[in-house]
Structure formats: C-alpha cells, structure tokens
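Written out below as structure tokens is the structure these notes cover.
The values are calculated or read from the model by the stated rules, or taken from the named source; none is laboratory data. Since this is a predicted model, take the numbers as computed values, not measurements. Cβ: placed from backbone, ideal geometry, glycine included. Neighbour counts: every protein chain shown. Surface areas here come from the heavy atoms of the whole protein model, side chains and all, with no ligands, DNA or RNA. Shrake-Rupley method; radii C 1.70, N 1.55, O 1.52, S 1.80 Å.
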Amino acid sequence: MAGISQDALYADIDLELSWSEQELPQAARTKHVHKLHPYLGKYVPQLVEVFLERYFAPGACVYDPFVGSGTTLVEANAFGADSVGADISVFNCLLSRVKVTQYSLGTLELSLRSTLEEARQAGPLPTNLGGKWLRRWYSKQALGELLRYRAVACARLDDHALDVAKVILSRAARSARLTAHYDLDFPSSPMRQPYFCHKHRRVCTPVGEAAKFLARYTADTVRRIREFDDVRTKRAVEVIHADSRTLDLPMPAHGIITSPPYPGLIDYHEQHRYAYELLELEDRSEVEIGRARRGTSRQALREYVEGMVAVFANASRQLPVGAPVVIVVNDSRGLYPDVLDNAGLRLERSVTRHVNRRTGRRAGQFFESVLVCNVAGRV
Ligand SMILES: C[S@@+](CC[C@H](N)C(=O)[O-])C[C@H]1O[C@@H](n2cnc3c(N)ncnc32)[C@H](O)[C@@H]1O
C-alpha cells in the first residue's frame, strides 16, 4: 500500500461492507451458531447478509462451493433462501450441517446433558484406545475423558444429536490440547511444562483435563442452537462432502456467495487435525485447493488457478446465464482476472473491503476484494 494516499486508498472502499469494531462488535460477528466451533478463515456473517439483500430474493437458492464453517448457509436460511454448500473437508461439512439442522430442542438438550453426565460418572477410558497422535497431544486424563465421551455419545445418540456431540467433542479437544495459549491455530509441538505465555503475559500451565470443556461447550452449544432457532426459517439446506470441481448440484441454484481458499495460506484439514484423529474422519487434504503446505511456487499458483477455474466453470454451467456470483478474495497476486475469464464469469464490479479485526497470528488490518460477477454464458 506504500505510496498510495489515504483518499485514493479509500476511494473504492465499500463502506457498507467495512465496519468498525464499534459498529460490529465481536458478539455480533459470532452471533448464535456462528460460534459453535473455532474455524480459521471464515468471513463475517454480516457480509453475507448484505450480499443476500443486494443480489438475491427470499425463495432463491444460494450455492457456496467452499462452504467452510457454513456462514453462507446459516445466513441464507435466516434470510429465507434455500442453500447448498460443498466442502472437501468432511469436518467442515459436519460443522456446517450441525449449524443448519433443525432439531427437536428439548430432546436434543436432554440427550446431550445425559451423555455428559454418563461420561462423567464412568470416568476416563484407558488412553491406549487412542492413536499415537492423540497420545502425544493430550495429557492422560484429558484424552481418557475425550475417549469416554466419544464412546458414550456413539452408544446412546442418534444421527443428529450424535453430530452435535461430535462438534462439542471436537471443540473440547481443541481446548484440551497440550498447546500454548498463544499458539492455538497451528501449534508445532506439545507443551508439557509450565511456560511463559505471550498472550497472558505470565507463566501458564498446560491443560490437564477435558471434562470442564465438555461441560462448558455442551451448555454453550445448546444455547446457541436455541438462539438460531428463533431466527431460522424452514428453507431447504443441503451440505455435501465433495470436490466442487466435479459436483453436480442436487437442486437448481440461482447464484453463488463464497470465499475461496487463498493460495498457500491455510491448511483447512490440518487446522482441525484433533477432530480428524478423534472422530476418525477421512482426510482428503491432497485435493484441497491452495493448501498452505503446497506453498506459493509458480507451479502451486498455476495449480491454484486451474483449481479455481474448474470450480467456477463447473458451477457456472449449472447456473442460469446472468446469475450473480459474489466472491470474497484477497487477490494480492492478481490471479482472479484469469480465473473469471476462464470460468465463464463476467466481472460487474470489484470493491474493496477494509478488514481490521483479525486476532491471533493474523492480527493487523488488511484489505480484501469483493468480486461481483455474473454468469456470462456457456464455457
Ligand atoms: C476460505 S474457506 C471458506 C470459509 C467460509 N466462507 C466460512 O465463512 O466459513 C475455504 C474452504 O474451501 C475448502 N476447499 C478447498 N478445496 C476445495 C475443493 N476442491 N472443493 C470443495 N471445497 C474445497 C476448504 O476446505 C475450506 O473449508
């Protein structure tokens, strides 16, 4: 940004999409089910609200080919639109599905509380029932409690409640890892001794148990699902575990709202590794587009562009000509003009959004673009 005057910088900033902390405090950004589980790389729900109001009407069907933690689907449902979301990460699909499923609330709460109580009474399971990775990253007590909760949930819960329990288990597993408080996103090695914590500016002790997190997150999850139930509609929502390059949409969609992965920035499977290990989920990170481990070499960027072209070309073939396609990207490498061209999308408008509220290792302000496109024709 060096050399650009403040006026020039802010000239193409869409103020309706750039909120200050006061205008949009954290509690609003993480309202109801949006905070069921940590997820690095999501966009704020209020952004989706604006896009829905601008480019869609209630009753339409919105598609998100990179559904991630389900932000688009939750907001589309509250807006009164049907929605379809796909993701290559099966954990992200689980999380999205748990957010948008409509539950019998009393039964759900009762069964989750009974699971918690039964697991508490039974006590930790032997840790040799967990794999090597789990034994490395947890204290004996914590892993034993997580394994017990998993066993009780699998034995007593049916599909929908079991999915919710899996998200609670995963969230507790994230908090109970032997990591430093300042290094929760991608910790490199377990922290087994007290350490100086850069976040709290004092000596902190690694977590020794998981039970308190299971209890805390059971209560929080039930509360958040109830809050969303007050604003949700009965519109259809489908979450599909698939590679969006080849997905056939299960119902006709009227447009897209999405935020694709950026090249070489985040490993979307790896950030929830504990969930993959504990829930024994299928790992498809080999086909995750733009994953951090792949880097940003010329070859990696070429593959990224090919991947994005394949996803958007596949989607635009299944959308009506003229359908709105809203893409939120940080295209600092200028890759998207090529992507859009080759995917049969016409750029109508590109606006800049000012983002200044990221925390943790990605703290600081930055800018991202909103590419408002439409389907140009057959590719
Ligand atoms: C930036 S995140 C989306 C975040 C989402 N907007 C939210 O608010 O939670 C990008 C997502 O793309 C997914 N992804 C990467 N490659 C994919 C592919 N080939 N097919 C489908 N999803 C893919 C990743 O797993 C990740 O969840």
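Summary table below
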| read-out | value |
| --- | --- |
| Exposure rule at most 13 other beta-carbon atoms within 10 Å, DSSP loop GluC sites (Glu not before Pro): the chain longest free segment | 24-279 |
| Free-standing Cys residues across the chain, given no other cysteine C-beta under 4.7 angstrom | Cys61, Cys93, Cys154, Cys373 |
| Net length gained if the chain between Arg120 and Arg192 were fully extended (0.36 nm per residue, minus Cα distance) | 23.5 nm |
| Quarter of the Cα convex hull surface for region 259-379, i.e. its orientation-mean projected area (nm²) | 8.7 |
| Convex hull volume per residue in cubic angstrom - Cα atoms of the chain | 149 |
| The chain: angle of helix 45-55 to the longest principal axis, Cα-based, in degrees nearest 10 | 30 |
| With every protein chain in place, the chain: carbon and sulfur % of accessible area (1.4 Å) | 49 |
| Spatial separation of Cα centroids for region 231-276 and region 279-298, in angstrom | 15 |
| Reciprocal mean inverse distance between Cα atoms of region 218-320 - Kirkwood radius, Å | 16.5 |
| Order of exposure, largest accessible area first, which applies to Arg113, Arg293, Arg177 with probe 1.4 Å | Arg293, Arg113, Arg177 |
| Accessible area per residue, Å², region 207-294 with all protein chains present, probe 1.4 Å | 45 |
| In order through region 229-235: 3J(HN,Hα) via Karplus (6.51 cos²θ - 1.76 cosθ + 1.60), integer Hz, x for Gly, Pro | 4, 5, 10, 6, 10, 9, 5 |
| Share antiparallel - DSSP beta bridges, the chain, percent rounded to 5 | 55 |
| Whole-Hz ³J(HN,Hα) from phi, Karplus 6.51 cos²θ - 1.76 cosθ + 1.60, for region 242-256, glycine and proline x | 7, 7, 5, 5, 10, 5, 8, 5, x, 8, x, 10, 9, x, 10 |
| Gaussian network model of the chain, springs between alpha carbon atoms under 10 Å - residue of Ser297, Ser316, Ser369 with greatest fluctuation | Ser297 |
| Gaussian network model of the chain, Cα within-10 Å springs - most flexible of Asp87, Asp267, Asp248 | Asp248 |
| For q = 0.10, 0.16 Å⁻¹, Debye-computed log10 I/I(0) when each Cα of region 105-230 counts as one equal scatterer | -0.34, -0.79 |
| Ranked order, Phe366, Phe228 - accessible area, probe 1.4 Å, largest first | Phe366, Phe228 |
| For region 1-145, diffusion coefficient by Stokes-Einstein and Kirkwood Rh (Cα), 37 °C, 0.692 mPa s, µm²/s | 174 |
| Solvent accessible area, Å² - Thr233, 1.4 Å probe, full protein context | 40 |
| Rounded to whole Hz, the Karplus (6.51, -1.76, 1.60) HN-Hα couplings of region 299-310, x for glycine and proline | 4, 5, 5, 4, 5, 4, 4, 4, x, 5, 4, 4 |
